[in-house]
Amino acid sequence: MPRRNDLKKVMVIGSGPIIIGQAAEFDYAGTQACRSLKEEGLEVVLINSNPATIMTDANMADKVYIEPLTPEFVAKVLRRERPDGLLPTLGGQVGLNLALELSDAGIIDEVGVELLGTPLATIKKAEDRELFKAMLQEIGEPVPQSGIISNLEDAVSLSAEIGFPVVVRPAYTLGGTGGGVARDGTELVDIVTRGLKHSIIHQVLIEQCVAGWKEVEYEVMRDGADNCITVCNMENFDPMGVHTGDSIVVAPSQTLSDKEYQLLRTASLKIIRALGVQGGCNIQFALDTASFRYYVIEVNPRVSRSSALASKATGYPIAKVAAKIAIGLRLDEIRNAVTGKTYACFEPALDYVVVKFPRWPFDKFALANRALGTQMKSTGEVMAIGRTFEQALLKAVRSLEIGLYSLTLPEAGKLQDEEIEQKLAGAHDERLFVAAEALRRGYTVERIAGLSNIDVWFLEKIKSIVDAEDGLRQPGSGEIGLAALENAKRIGLPDKRIAELAGMSEKDVLQKREETGMSPVYKMVDTCAAEFEAETPYYYSAYETEDEAPRESGRRVVVLGSGPIRIGQGIEFDYCSVHCVWALRQEGVKAIIINNNPETVSTDFDTADRLYFEPLVPEDVINILRKEQPEGVVVQFGGQTAINLAKPVEAAGFRILGTSVDDIDTAEDRERFDSLVEELGIPRPAGGAAYSVNEAAAVARRVGFPVLVRPSYVLGGRAMEIVYNQDDLVEYMRSAARVSPEHPVLVDKYIFGKEVEVDGISDGTDVLIPGIMEHVERAGVHSGDSIAVYPSQTLNPQIEERIVDYTTRLARALRVHGLLNIQYVIGPNNQPYVLEVNPRASRTVPYLSKITGVPMITLATRAIMGRRIADSGYSPGLYRKMSYIGVKVPVFSFAKLLDVDVSLGPEMKSTGEVMGSDRDYAAALYKGCLSAGYTFPQGGTLLVTVSDRDKEETVAIVRELAGLGFRIVATTGTAKALRSHGIRVQAVKKLHEGSPNIVDLLRAGSINLVLNTLTRGKMPEREGFRIRRTAVELGVPCITSLDTMRAIVQVMKAKMRGELIPVAPLQEYHFGEAKA
Amino acid sequence: MKGALALEDGTVYEGLAFGAGGENWGEVVFNTGMTGYQEVLTDPSYCGQIVTMTYPLIGNYGVNDEDFESLRSFVRGFIVREACGTPSNWRSRFSIDAYLAQQGVIGLAGIDTRSLTRRLRHYGTMRGVLSTTDLSPESLVEKARNSPVLTGQALVPEVSTQQPFVVPGGNRYRVALFDFGAKRNIIRCLNNRGCDVVVVPPHATAAEVLSYDPDGVMLSNGPGDPTDVIYAADSVRELFGRLPVFGICLGHQILGLAFGGRTYKLKFGHRGVNHPVKDLVNGRVYITSHNHGFSVDADSLPPEVFVSHININDGTVEGLRHRHLPVFSVQYHPEAAPGTNDAEYLFDEFIEVMGREGR
C-alpha cells in the first residue's frame, strides 16, 4: 500500500505556545512530520501561532501560517488553501481539540478536507471518558471504577459510591489542568469546582484511585493495514498518583517480568486496534505490585510528550513514521532511518537505560506548592542515557541545572527524621533526594518503600549510589582507591563530587583518571542493541571498554545546546542551536551538537552531523571536546546554559568561537560594563553595587527612588524588585536579599519609561540590526513577559538612530562576533538608556527572524566563522522596515501553578510566546492576544483595584472600558478616584471588609475582567494575591499592567468594529500584497 | 570472584563471575530481549551455547517459580553487563545469581557486552570458553579454539525425553509432540486449546506416533544443527498426508529437511523478541520471538512447498507451507515465552486444520 496518490496538499496543525503540559515536543513532532510529508512529494501547509519553533520556518512547509489556533482562524486558512488532507494528531491536545471543534462547526465538511491519521470517531472515543470506558469494556480491558459528572452534587454522590480517595480528571484539558486526588469531601468540592471550569465540555471524571500501583506506559504504532508495534515501554519511578509528565521515568521498564511486559503490550495492541488509530498512540496503565491486575488509565491517540521521549530513548522517529502512515504508507514500507537497512516495522531493543527527569519551575516560584499530583507542574524535562541506571539518573540530575550534581540536597541534611518520613510519604520534586538522605541516615530500603510506595528496585539503586559515595569518603586522606573510583565513574558520579568526598581537588581526580586511563567511551543509540550496523551518529557516554565513535573527520565545530525548557530559557534557544547547526553544515563544517532535552529538534538524530546526548556541565562537555578536538565551540545560541560553559571550556584549552569569553565577561560584569559604557559615553541608569544594607540605602539615596534591586543571592524567590521608598528597601533587604561581601546587591535607578529591545548581528566591524522592538509594558516588567511589537510604533527616527548608534558602538567595543541583544529604556527627553547587554542569542531571535525575513542565526554563524555580513548581501545598520507588523505576546501557565502570583514584574514568569502578524497593528495585536489565550469579554463587569500610584493613570483606561459597555466595580480607594473623574462605579468590599467581597463576586461568576496592579509585598496572605489567584483559577482574565490593559482595550475596539481580519503565510510577508 | 570469557578469535573479556564457578565451553551468541531472561535460561534450544544478553541490567525482577520453559537451565554460560543482586517483583523467589549457582551455570558480569555483541555481529558466532578457574588468556583462547563446533554435538538427546508421556489438556484433540527440547509453553498453548499432548522422543518412528492415534503432529523447537537430527526428518516425512503437521523452530528446519530442502547456518542468528515477520498469505506483519542459528534455504525447496513467511529485516525464510497437504511450520516462536503473542494465532490455525482433517 504505497502512499495515496489522491493527496497532493496536506495541512498540519501545530500546538501553539509552550505552556506547562505542552512543550517543545510538538515542535519536534511537527518538524518531523512536515519534513516527512515533503519527502513524499506533498505540498505542506502549516498553521501554528508559536514563532519560536523550527516548524514555523519558511522552509519547513510550502505555506507557514503563524496565525491563532482557533477554529475561526484555522477555518480561514482551510478556506484559503483548500488542502486535500488535514493532519491534527501531531499538534498535541490543541490539534485534537481543534479538529473536534472544526468538525462540530461543520467546517471540515464545508471545505471538503479529509481528516488524516486517526479518525475523528477515534479521537472522540479516546477523549470522551464515557465512550472510552464503554469501548474498553467492550474489548474486555479493565478500567478503574469511575463516572462522568457535570455538577458538584453528582460528584459528591459518585465519590461516596466509589469511596475515597478518588482521582478527579477534567475532560479536554492540557496536562491534566484542574485535576487532582481528593482524599475527602472538602478536597473534592475544591478540585471538582476548578475542574469543571477548565474542561471545555464542562465534564469531570471521578475515578477510583489506584495510587501506589506501578505506572507503566506503552508507545504504540499502527498503520492502515492493521500492523501494530510497540516502540517502547516506560516505567515511572513514582507510583501512580503523580502526573506522568511530573514523574521520573525510566525506559525500558525495569521491574516487569516478560509476562507482565507482554500482558500490557498485548493490551496496548488490542486497544490501538479497537480505537483504529493510524499513527502513534500512548497508553498508560496502572499495574498492581502484587498480582497481574492492571487498569487502563489513559490513552492519547496522537503523538505526545511521551512519544517524543520514546523517540529519543530508542532512536525510533515516531512522528516521522506517523506522518507517513497518515498518507497511506505501511510500517513495512517505511525505512528505519537509523539503521538505513531495516524497516519501521519492528520493536526497538535498547542496550542502555534511559532516565527522564522533569524540570520544575520552583526555582523561580519559591512560594509555589511543590506537591505533585495529577496536575502537571514541570515546564520541561531532561533525558539521560547510561549503561547503568545509576549513571543515567545522575546524568539526568546534573542536566537539570538546579545546582545539584549528586543525590545530595543540602537542605535535606537539615531535616528532622519526622520531616524526612513525612516528605517520603508525599510526592514532590525533591523526594528522590530525600530518599537518598534517608538511606544515608540508615533507613532501610523496605522502610522507605513502605512510606513512599516507590519500588525497592529503584531504592536499591539509590542505595548503590549512596554506598559508592561512602566508599569514597576518606576525609583528609586525599587519596582514593582505584576500584572505588572506577565504581564511582561507572555509576555516574562526577569528578566534582568524587573530589569532594575524597577530600581531593577536582583536578587531582581528573589526573588520577587520566593516569589510569579511566575516561568515558561513547556508545551508539541504534534501535537494535547492536544487532545491525547503524548509520546514525547518535551517542552517549559510558565507562566501558569499547568506543564506537571515531572522531569526526574534517573541519568540525561543537554547538552547545540549551538543556531543559524552563522559565527564562525556552524553545527559542533550541531554534537558535538548530539553525546554527544548519548554517555550519552549509559552510561545509561538520556540526556536533551536545544537548540533553528529549523534546527538541536539536536532539533529533538527523539534525547535526553528530549528536551527543549528554549533560551540559563542564566535565561531560569537556570529555566530548577532548575526544572530538573541534576547531572551536559555539556557546552563544544555547542560552545561559551554553554561556555558562564558556569559561570552563576555554580553561580546558578549547577555543570559543565568536565573541570571546573575556568580552562576554565585560558585558556580564557590573563594574567592567559600567566603565565600558562610560568610556563610550552611552548612558545607563545610575546605580551601584552594595555590600551591606546601609550601602544599598546610600546608593538609593544618591540615585533617587524608585530603584530596581537585584540581589546576587536570592532568598525566597524574590529576586529583582522595584522599590519605591526607604522603608520598603529596608524591608526588602531584610526579608528577600542576603547581602554580604560575597553577595552584593545591585541597586539601580528605576527609569519609568518605554522599554525597547534590539537584536544585532556583528562581524566585528559591521553591525546589522534586523529590527527594533518596542515593548507594550513599560520598563519594570521582564522583557520576556512583555508584549513586544515590531516595528516600533511610537519611536521617532532620532531615537531609533541613537539606538542604532549605541548598539553598533557597543557591539564593536565588545568585539561581538555573532549575536547580541540589548535592552534600552527610553527616559525623559527621549534619551535611551542601556539596561542590559547580552552578547548572545536572545529569545526574540526567532520572532524577529520570521517577521523581518533576515536569517539571523545563519548570518551570526557565518560571522562567528569569520565571514563578513556584507558577503551575504546585507549592509550594516538598521534593516529596512517590513510592512508586516509582528506582535509577540507572552503566554503564562498560571492555572497550573497554585500559589504563584500572576502579577508581572522584573522576574520572568511566562513559559512561552505567540506571534500575531498583520499589516494592521490592531489586527496583529488582536491575533497575538487571541493566540495567547486572552479572552475578550464583550462587556460585563470590570473589577478595578489598583495601587495608589496607578490611580491617576487608570482613569482614562477605565473610561474607555466603560465606553465599551463595561459595568465598573472597584474597591473603595480606586472607586473614589474613579468617581472623582465622573466615572460611574460600584464600590465593593475588600477581603478583610467582610462579605460579599471581591472574591465572593468572582466565585459567583459576576466579574468578567479584572484590572489589578501590585501593591507592596508579594506574600500570599496579601489581598491582591488572593484576588489575582482566584481570578486565574476561575479563568477570569486578570490584567496586572496598565499598559497591557491599554493594548487590550485597543484590541477590543478593533474587534468591535467587526473588522474582517485576513490571514497570510509567512512566505508572503516580504513580497507584495497578500492574496485575500 | 573473577571470571573470563575467551573467544576463538583471541579476544578475552575479564569480569566478575556469578552463579556457579568452573569452566565450560560453547557457542557464544547474543539475545536482544530486554525481558525474558528466565525463559531464555530454561529454553532447551540454548543447549550448547553461552548466551550474552544485550540489555545491560539482567535479573531485575528475579527468578520466579512459574516462568520456566523446562526443568532446568541448559545454557553453557550466561553473560550480562550487570546481574541484579536485589531483584524486585512480587513473584521473585531467587536472584539470578542464586538460580545460576543452583543450576551449575557459570555467570559472567561486568564486561562490555555491547562490545562483545558487536564482535559477534561482525565476525559471526564463535566458540568460547567461560572460566573462573583458569584466567590465563592464552590458555583460555587455546581451549576455545580446541572446543567442538556446534554441529555434530548430540544436543537434542541431551534435552529431550527418552520416554513418551502424556500431558492432558482436554479431549478436544490429541497432538503428538516430537520433543527435540520442547519449551513448556508449546504444551501450554496446546493444552489451553483443549488438546491432550503426547510428548514423544526425538527418535520416535512414524508408526509409534500413529499408534497414539493423534489428530495432529507438532515438531518442537530444539538446540543445534538440524542436520544432526536428520533421523527425525525421515519419520516426519512418513507422516505427510496422514496427519496435519506443524513445526516450530528446529521443528521447522526438520520439516524443511523432510521436504528435501537444505539448511544453512546464519552468521549470528536471530535471538530476541522484536523480529518483524511478514505473513505472505495475509500480508500482515507480526513482531515475533526468535531463537535460531540456522535457516532453511528457500531455493532448495520442492515446488509443492512455498515460503509463507519471511523476515523483514534480512529476508530469510520464516515459514513454510505445503501447497496441498496440511503441513506447515514457522522458524519463530508462536508460543512466545519470552516475547509477544502476535503469532499465537498459528496454534488456532493448527487446531482448525486438525478439525478440518480430523475424524
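Counting residues in segment A:332-352 that are within 12 Å of chain B (Cβ to nearest Cβ), surrounded by fewer than 24 Cβ atoms within 10 Å (Cβ to Cβ) and in a helix (DSSP H, G or I) gives one or more. Does segment B:15-27 contain at least one residue that is surrounded by fewer than 23 Cβ atoms within 10 Å (Cβ to Cβ), within 14 Å of another protein chain (Cβ to nearest Cβ) and either assigned to a strand (DSSP E or B) or modelled with pLDDT of 95 or more (or both)? Yes, segment B:15-27 contains at least one residue that is surrounded by fewer than 23 Cβ atoms within 10 Å (Cβ to Cβ), within 14 Å of another protein chain (Cβ to nearest Cβ) and either assigned to a strand (DSSP E or B) or modelled with pLDDT of 95 or more (or both).
Being closer than 28 Å to A:PHE365 by Cα and in a loop (DSSP other than H, G, I, E, B) holds for only one residue in A:PRO598, A:PRO630, and it is A:PRO598.
Quick grid of which residues meet (1) buried (at least 17 other Cβ atoms within 10 Å of the Cβ); (2) in contact with a strand residue (DSSP E or B) (Cβ under 6 Å, 6 or more places away or on another chain); (3) modelled with pLDDT of 85 or more; (4) within 17 Å of A:MET908 (Cα to Cα):
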residue	(1), (2), (3), (4)
A:PHE705	no, no, yes, no
A:LEU715	no, no, no, yes
A:LEU729	yes, yes, yes, no
A:LYS754	yes, yes, yes, no
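Taking the listed residues B:VAL129, B:VAL166, the one that is outside any loop (DSSP other than H, G, I, E, B) and surrounded by 15 or more Cβ atoms within 10 Å (Cβ to Cβ) is B:VAL129, with no other qualifying.
Determine whether A:VAL277 is more than 11 Å from every other protein chain (Cβ to nearest Cβ), out of contact with any Cys (no Cβ under 8 Å at 6 or more places or on another chain), under 26 Å from A:SER36 (Cα atoms) and buried (at least 24 other Cβ atoms within 10 Å of the Cβ). Judged against the criteria, A:VAL277 is a match. Taken over segment B:315-344, the criterion of being without any contact (Cβ under 8 Å) to a residue 24 or more places away in the chain and within 14 Å of chain A (Cβ to nearest Cβ) is satisfied by B:GLY315, B:ASN341.
Among the criteria (1) without any contact (Cβ under 8 Å) to a residue 40 or more places away in the chain; (2) surrounded by 21 or more Cβ atoms within 10 Å (Cβ to Cβ); (3) under 30 Å from A:GLY764 (Cα atoms); (4) of a type outside the set (S, T, N, Q), the one A:GLY639 does not fulfil is (1).
Of the residues making up segment A:200-216, those that are part of a strand (DSSP E or B) and within 14 Å of chain B (Cβ to nearest Cβ) are A:LYS214, A:VAL216. Residue check: B:ASN313 meets all listed conditions (1) in a strand (DSSP E or B); (2) under 27 Å from B:ARG121 (Cβ atoms) but one, namely (1).
Does B:ARG76 satisfy being away from chain A (no Cβ under 14 Å), buried (at least 21 other Cβ atoms within 10 Å of the Cβ) and basic (Lys, Arg)? Let's see the steps before the verdict.
Values: away from chain A (no Cβ under 14 Å): yes; buried (at least 21 other Cβ atoms within 10 Å of the Cβ): yes; basic (Lys, Arg): yes.
For B:ARG76, the condition - away from chain A (no Cβ under 14 Å), buried (at least 21 other Cβ atoms within 10 Å of the Cβ) and basic (Lys, Arg) - is met.
Listed by first and then second residue, the pairs linking a residue in segment A:831-859 that is among the aromatic types (Phe, Trp, Tyr) to a residue that is not in a loop (DSSP other than H, G, I, E, B), with Cβ atoms under 6 Å apart and 6 or more places separating them unless they lie on different chains, are A:TYR833/A:VAL825; A:TYR847/A:LYS888; A:TYR847/A:MET915.
To keep it simple, each residue is scored yes or no on (1) at pLDDT 95 or above; (2) in a helix (DSSP H, G or I); (3) under 29 Å from A:ALA24 (Cα atoms); (4) more than 28 Å from the chain's Cα centre (by Cα).
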site	(1), (2), (3), (4)
A:TYR218	yes, no, yes, no
A:MET221	yes, no, yes, no
A:ASP226	yes, no, no, yes
A:THR230	yes, no, yes, no
A:GLY241	no, no, yes, no
A:LEU256	yes, no, no, yes
A:GLN262	yes, yes, no, yes
A:SER268	yes, yes, yes, yes
A:PHE285	yes, no, yes, no
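Can you find a residue in segment B:323-333 that is buried (at least 20 other Cβ atoms within 10 Å of the Cβ), modelled with pLDDT under 95, outside any strand (DSSP E or B) and in contact with a strand residue (DSSP E or B) (Cβ under 7 Å, 6 or more places away or on another chain)? No, there is no match, as no residue in segment B:323-333 is buried (at least 20 other Cβ atoms within 10 Å of the Cβ), modelled with pLDDT under 95, outside any strand (DSSP E or B) and in contact with a strand residue (DSSP E or B) (Cβ under 7 Å, 6 or more places away or on another chain). Residues in segment A:452-487 that are of a type in the set (D, E, K, R) and either modelled with pLDDT of 90 or more or under 26 Å from B:GLY62 (Cβ atoms) (or both): A:ASP455, A:GLU460, A:LYS461, A:LYS463, A:ASP467, A:GLU469, A:ASP470, A:GLU486.
Within segment A:243-253, the set of residues being assigned to a loop (DSSP other than H, G, I, E, B) and in contact with a strand residue (DSSP E or B) (Cβ under 6 Å, 6 or more places away or on another chain) comprises A:SER247, A:ILE248, A:PRO252, A:SER253. Only one entry in B:GLY48, B:GLY3 is over 15 Å from the mean Cα position of the chain (by Cα), among the small types (Gly, Ala, Ser) and at pLDDT 95 or above, namely B:GLY3.
It is to be established whether one or more residues within segment B:277-293 are surrounded by fewer than 20 Cβ atoms within 10 Å (Cβ to Cβ), of a type in the set (A, V, I, L, M) and closer than 25 Å to B:PRO202 by Cβ. No; the residues of segment B:277-293 include none that is surrounded by fewer than 20 Cβ atoms within 10 Å (Cβ to Cβ), of a type in the set (A, V, I, L, M) and closer than 25 Å to B:PRO202 by Cβ. Exactly one residue out of B:GLY170, B:GLY181 is touching a helix residue (DSSP H, G or I) at 6+ places or on another chain (Cβ under 8 Å) and at pLDDT below 95, and it is B:GLY170.
Residues that are closer than 15 Å to A:GLY212 by Cβ, among the hydroxyl-bearing types (Ser, Thr, Tyr) and away from every other protein chain (no Cβ under 13 Å) within segment A:235-262 comprise just one, A:SER247.
Filtered by the rule that a residue be exposed (fewer than 15 other Cβ atoms within 10 Å of the Cβ), more than 14 Å from chain A (Cβ to nearest Cβ) and part of a loop (DSSP other than H, G, I, E, B), segment B:88-126 gives a lone residue, B:GLY104.
Of everything in segment A:312-343, what is without any contact (Cβ under 8 Å) to a residue 40 or more places away in the chain and β-branched (Val, Ile, Thr)? Give them in sequence order. Scanning segment A:312-343 gives a single hit, A:ILE334.
Taken together, the residues in segment A:468-518 that are part of a loop (DSSP other than H, G, I, E, B), surrounded by fewer than 17 Cβ atoms within 10 Å (Cβ to Cβ) and on the phi < 0 side of the Ramachandran plot amount to 8. B:ASP196 fulfils the conditions (1) outside any strand (DSSP E or B); (2) in contact with a Gly (Cβ under 6 Å, 6 or more places away or on another chain); (3) over 22 Å from B:GLY339 (Cβ atoms) except for a single criterion, (1). Any chance you could count how many residues in segment A:788-801 are surrounded by 19 or more Cβ atoms within 10 Å (Cβ to Cβ) and out of contact with any Gly (no Cβ under 7 Å at 6 or more places or on another chain)? The qualifying residues number 6. Taken together, the residues in segment B:72-114 that are in contact (Cβ under 8 Å) with a residue 60 or more places away in the chain and not hydrophobic (A, V, I, L, M, F, W, C) amount to 10.
The single residue among A:LYS377, A:LYS395 that is away from every other protein chain (no Cβ under 11 Å), modelled with pLDDT of 95 or more and out of contact with any Cys (no Cβ under 9 Å at 6 or more places or on another chain) turns out to be A:LYS395.
The values are calculated or read from the model by the stated rules, or taken from the named source; none is laboratory data. Everything numeric here is computed off the predicted structure, so don't read it as measured data. Every residue, glycine among them, receives a Cβ derived from its backbone with ideal geometry; neighbour counts consider all protein chains shown.
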